[in-house]
Amino acid sequence: MNTLLLTSGFLALLLGIVHSVLGEKLIFKRLRTIDLTLSSGDQAISPRHLNTLWSTWHLVTLFGFGLGATLLVLSSIPSDPIDLVSKAISITFLVSTVFWVVGTKGKHPAWLIFLVIAVLSWFANA
């Protein structure tokens, strides 16, 4: 059993749960109750756009679950292809780290979890 892959897989699943729950509580609950129109009467965000934003938010969670499940499965399989797949996942989380730091100016803490997952999955087969 590769404990680094196992740990990074569980972290990815936990991150997905926290991402969805906090997103609903801190972002979408509020967005659904405030007036999203411009002063001219045009809608800044239509209900359709809000639904698209909501769907995209949770789609990211589903992708995180998929990657987390992949890491969990890989943690119990001793073979060479695991290294290639875990490196690809690691690079994905590393790029996500950089994107999130730049996009949120480092103020959203998810980048720390992305970085830990990237490092753990990178060194899992070293």
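Here are a few things to note about the model shown:
- The calculated FRET efficiency for the pair Ser46 and Phe123, based on their C-beta separation and a Förster distance of 41 Å, comes to about 0.35.
- In the chain, the longest principal axis of the Cα atoms and the axis of helix 110-123 are about 20 degrees apart.
- Loop-located trypsin sites (Lys or Arg not before Pro) in region 23-119 (DSSP state not H, G, I, E or B) with no more than 12 neighbouring Cβ atoms inside 10 Å: Arg32, Lys105, Lys107.
- Cα-only radius of gyration and Dmax that characterise region 3-123, units Å: 17.4, 62
- Helix axis angle, 47-74 relative to the chain longest principal axis, alpha carbon, degrees: 10
- Projecting label points 7 angstrom from Cα along Cα→Cβ for Thr92 and Ser76 puts them 2.0 nm apart.
- Here the label points at Leu62 and Asp35, each 7 Å from Cα along the C-beta direction, are separated by 3.5 nm in the simple model.
- Acute angle (nearest 10 degrees) that the helix 80-104 long axis makes with the longest principal axis of the chain, alpha-carbon atoms: 30
The numbers here are math on the coordinates, done by the rules we state, and not lab data. Since we're looking at a predicted model, the values are computed, not measured. Here the Cβ is made from the backbone with ideal geometry for all residues, glycine too, and neighbour counts use every protein chain on show.
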